[in-house]
Every structure is written in structure tokens, then in C-alpha cells.
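The structure under discussion appears below in the form of C-alpha cells.
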């Protein structure tokens, strides 16, 4: 009886692993195919049967995209927008969440409820009034500073909701001891609360980076001159009216994906930790 139960558990585990492996293959195959296509010459893209291993592989698509398609400029533009926008977003979000977690002020929960209520408004509904306001101030149009500011304040409602529980879970005694030793509010935040909330801040950094780095619609409205274009806008230039240069488009997409993967690798331990602890903290 014991051996039958043991074999039953083994079979169940094997079935679960097979399902998980098949799911992983289904999820990762499009990325693999995109990478493979980015290494193909244009004549082999639509060959039948499809080439799952490029023969011969070439890096010429990446050279063409980076040099001739001006992707080096688009990459620098995207970095100069994303990095300060993410830093501003993380700073404002953590300060907002910390304020609601640690300080009592009139109508505190009412303000927080109103902040959370804004999550029910679809972001696309706000595009028209935001664009109308910005278009009336001429210097804000076709200006990367506009995207830094809008990216910096975007998503603060959800971020504050996400972070407040982490700050409330930190024993307040640490900060009270620091206050007795003469630490002001900013020092208590930077040296005690912020370091202990790094798992949540790491997850927030990943989400904020993804949202700003991959955004196409909003930058396409603001950035009208080609010299200020970001990577998502540049990638769309490979999609013509009658044809699509798939090998160049996928090469550009792989260039755009590289920093996202690097950011995830750097912050993944914080992201996984925040997700695993999120049910206890929120």
C-alpha cells in the first residue's frame, strides 16, 4: 500500500512537471522565434519549413538597426527619459506611501480612499485632457522633460497602495529610537524605513521601468520630431503600409528588450521576495 502511494505521488509529480514544462515552452517560444528571426537574412524569413535555427546566422540586422536606422539615438533618448522618470516615480511613490503609513492628519483615510478611487479610471480616458493641457503650453510639446514628469507621477496611486503595507509592517520602535537620538523625518525615512522596504521598492522599480521604457502611445503624441523618438516609436518605422521588415523589426525589439532583462535580473530577488511576502504585508 505504501509503495502504491509512493508511485502515485511520483506519477502526479511527473504530470505536473510535464504540464509546467509545456507551459514554459509555449510562453517562451515566441521570444525564441523573435530572436531567431532577428538573426536571419531577409530571404530566409518566410522559408518553409520555418528555420528554427538560422542558417546562416547573421548580426547584420543589428548593425543595420543600430547604425542606419538611428537606433543608437533612440536608445539614448529612451534611457534619458526612463532613468530620471523611474527615480522620480520611486521617490514620490515611497514618500506618499510613507506619509500615509506613519503620519496622522485630518481626513487621512478619506484622501487615501480618493487616491485609490483613481485606479478605477482607465488611463486612456486621461490621455485627451492631459494632451489638451500640454498642447496649450508650447514648450512642453516635443520635449523629453514632459515625458519624465508624466512618467514620474504616473501610477502613484497604485504604488502608494502597494507600498503602504510594507511601511506599516516595519516596527515603529526603530524610528522612535532614531528620533530620540536626533534624527529628523527625512533621516528616519532614508536610513530606516527605505532600506527595510527594498523588496517592495525593487518590485516597484521593475514595474515602473517596464511601463515607461515600453510606452509607445503617449510618447508618440508628445515627441513629434524624429531626433527625440524613443525605441518603441523607432521600432514601428519597420512596419510599412504594404510590407513589414520582420528581421529588422525583431532585431530592434531585441535591442529594446535587453535593458528590461538586465533590470529584471538585477532586481529579481527583491521582486520575488515582495511577491512572496505581499500577502502578509498588504
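The set of residues from the range 48-86 being without any contact (Cβ under 8 Å) to a residue 12 or more places away in the chain and not in a loop (DSSP other than H, G, I, E, B) comprises 63, 67, 68, 72, 76, 83. The helices (runs of 4 or more DSSP H) found entirely in the range 146-255 that carry 1 or more residues being surrounded by fewer than 16 Cβ atoms within 10 Å (Cβ to Cβ), within 24 Å of the chain's Cα centre (by Cα) and touching a residue at least 40 places away in the same chain (Cβ under 8 Å) are 198-213, 217-222.
Check 36, 79 and return the single one that is outside the structural domain of residue 208 (by TED's automatic domain parsing), at negative phi and modelled with pLDDT of 75 or more. Please lay out each step first, then the result.
Numbers: 79 fails: outside the structural domain of residue 208 (by TED's automatic domain parsing).
Exactly one of 36, 79 is outside the structural domain of residue 208 (by TED's automatic domain parsing), at negative phi and modelled with pLDDT of 75 or more, namely 36.
Among the conditions (1) more than 22 Å from residue 158 (Cβ to Cβ); (2) modelled with pLDDT of 85 or more, residue 86 misses just one, which is (1).
The values are calculated or read from the model by the stated rules, or taken from the named source; none is laboratory data. Bear in mind that the values here come from a model prediction, so they are computed numbers and not experimental data. Every residue, glycine among them, receives a Cβ derived from its backbone with ideal geometry; neighbour counts consider all protein chains shown.
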